[in-house]
1. Between a first residue in region 258-283 that is on the phi > 0 side of the Ramachandran plot and a second residue that is part of a loop (DSSP other than H, G, I, E, B), which pairs have beta carbons less than 7 Å apart while being 6 or more apart in sequence or on different chains?
2. Starting from residues that are touching a helix residue (DSSP H, G or I) at 6+ places or on another chain (Cβ under 8 Å) and at negative phi, keep the ones in region 30-49 and report whichever is surrounded by the most Cβ atoms within 10 Å (Cβ to Cβ).
3. Of the numbered conditions (1) out of contact with any Pro (no Cβ under 6 Å at 6 or more places or on another chain); (2) hydroxyl-bearing (Ser, Thr, Tyr); (3) modelled with pLDDT of 85 or more, Ser259 fails exactly one; give the number of that condition.
4. Give the number of residues within region 143-179 that are acidic (Asp, Glu) and at pLDDT 85 or above.
5. In this structure, does Asn235 turn out to be surrounded by fewer than 20 Cβ atoms within 10 Å (Cβ to Cβ), free of Cβ contacts under 8 Å to residues at least 24 places away in the same chain and assigned to a loop (DSSP other than H, G, I, E, B)?
6. Check region 449-458 and report whether any residue there is touching an Asp or Glu at 6+ places or on another chain (Cβ under 8 Å), part of a helix (DSSP H, G or I) and not aromatic (Phe, Trp, Tyr).
7. Quick check on region 99-116. Is at least one of its residues out of contact with any strand residue (DSSP E or B) (no Cβ under 7 Å at 6 or more places or on another chain), under 16 Å from Val273 (Cβ atoms), in contact (Cβ under 8 Å) with a residue 12 or more places away in the chain and among the small types (Gly, Ala, Ser)?
8. Testing Ile295 on (1) of a type in the set (A, V, I, L, M); (2) over 27 Å from Pro67 (Cβ atoms); (3) in contact (Cβ under 8 Å) with a residue 60 or more places away in the chain, one condition comes back false. Which one is that?
Amino acid sequence: MLVLILLSACVGVVQSYKSGQVSGVCDSMTPRHSTHTAQTSTSPFTVTADKNIFTDGEEITVTLSAPSTVVFEGFMLQARKVGSSTPIGTFTVMPTGSQGLPCNGVANRAVSHTSDNGKTSIQTKWKAPTSELGNIEFRATFAQKFETFWVGVKSSVITYNGTGTATVAPTVPTVNSECGKSKVCFSQPSNCDPLTNTDCYFMSVRTATNQSQMEIEIIGKADGYVATGFSDDQNMGNDDIYICGKDISGVLQVQHAFSTGKVAPNILQLGNVSDIKKALTNGVINCSFTTRNSISTGSRAASSSEYFLMIASGSSNQGKITLHTNKYVSASKANLLNPELIISEQLPAILKAHGALMLISWMTTGSLGMIIARYLKAVAKGKGCCGKDFWFLAHVTLMSISVTATAIAFILVFSHAQDWSGGAHPVLGCLVMILSLIQPIVAAFRCEPQHERRFIFNWAHSFIALAVKGLAVAAIFTGLSLIESSEEDDWMLKVMGGFVAWEALMFILQDLNMRSKKQDSEICSFDGISPEIVLLILFLLGNLAFLIALLVGIGRAG
């Protein structure tokens, strides 16, 4: 008889587990599974909420998730104030396979299972009370099997933002010194520190040795969102993405997405993401979280640890992200399991070619062509080839080289980038390209030198040349600023500034010489060599020195 009684008691315990009627353990949340104890390892199951800030009486959707490889048979879910052991609020929606449980005499204080069927996801809604509130967290007990269970698995903290008690979301701690040691980092500008540079776009990944989870950080200045992605190549499409952006109410949320190309990415279920921290400070968006989702790039899923890293930012509209205004891609793949292979911003060869062609076009050939046309017409006048003076032939040749090189550089960069990221630089480049093409067209339809309306062409030709030169210099400055690694490391910008001053000095000296000649004098004499030629040679030598320095800088960029 005693044996039968004991067996009956055991059956009761097992049935209690299967049916989920476990109100008796509301406080401890620990299943009474005979002699089995809770697991101490990290739970494979997660608890996530759809909000990180809430107010009195507000509803929050809570999701219990399992990774793709396992399921849970039983669960118990509660909401508690941080640091408290008493459940609060009530659950209002019970999905299939779940039920509300009374705790401390209040109905639906908790949710549990109704059977031991395997589950991969449970989603329910919790309603906040209207008094005695503070920051909360959701806690769950997961039973993978009768003898294997985890107690008190926590969600991220949800901040209470009620009347007069507003709190600020925690900031994300970023330790840049860990880059290359315990985590892989990627930033723009290269190696910038987001703690000291508000213009720094930064992401980092700390991966478990078995790739079971990743700790990700995203930081950047943006109106709406900052996103990071993992890709098999350097182009948008088939990329695994995490977005940290403002929802319709302006609150930061983390989203999981998949990019299919040059359209808005497909938003996925957040999945196994936990420990979410978010902050918005002076326009800088700052998120960190832990994900147990596998990386999928379309062509493969979690088959490698090597990916190109991406950072993008832009604005949002009604909680939906718009086309990015900034995009940065690592030049080579990062090995997520080997932080020592730290990624620095390497400038792709195609962009180096673009920069070199633009420098040659508007520092050397374009400048020489303009000087020759303005100041050297009188040198060897009447001498030339095919009825054209040497100055004219030199001018046309040099300017043709400039326009051709500009067109090639333009095609190269837009075939590579395929977007308008880069701030003012691509806009200035387009204006340079358009005016460069207009200039020879205007020249082709010029009237004869003796024509009464020739002055119209002269003024138009000079004005367009001056506009192209100014825009080209501005484009070079903005392009070099994208290459420079930090505010302290801006020597190329200083070299370019030195060149502009040098070129201005040479133009001033040529102009003074031209004015003196009109008064039948010269600013200096060089034993039969015209001052124009001497100044031209001097300009060319200085020009080449500045050009070579910048070409070397571009070649070593990154």
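1. Gly261/Met236; Gly261/Gly237; Gly271/Asn293; Asp275/Ser156; Asn282/Thr198
2. Pro31
3. Evaluating Ser259 over (1) out of contact with any Pro (no Cβ under 6 Å at 6 or more places or on another chain); (2) hydroxyl-bearing (Ser, Thr, Tyr); (3) modelled with pLDDT of 85 or more leaves (1) as the failure.
4. Qualifying residue count, region 143-179: 1.
5. No; evaluated as a whole, the condition is false for this residue.
6. Taking every residue of region 449-458 in turn, at least one turns out to be touching an Asp or Glu at 6+ places or on another chain (Cβ under 8 Å), part of a helix (DSSP H, G or I) and not aromatic (Phe, Trp, Tyr).
7. Within region 99-116, not a single residue is out of contact with any strand residue (DSSP E or B) (no Cβ under 7 Å at 6 or more places or on another chain), under 16 Å from Val273 (Cβ atoms), in contact (Cβ under 8 Å) with a residue 12 or more places away in the chain and among the small types (Gly, Ala, Ser).
8. Here Ile295 meets the rest and fails (2).
The values are calculated or read from the model by the stated rules, or taken from the named source; none is laboratory data. Since the structure is predicted, the reported quantities are computational estimates derived from the model, not experimental observations. Glycine also receives a Cβ, built like all others from the backbone with ideal geometry; neighbour counts cover every protein chain displayed.
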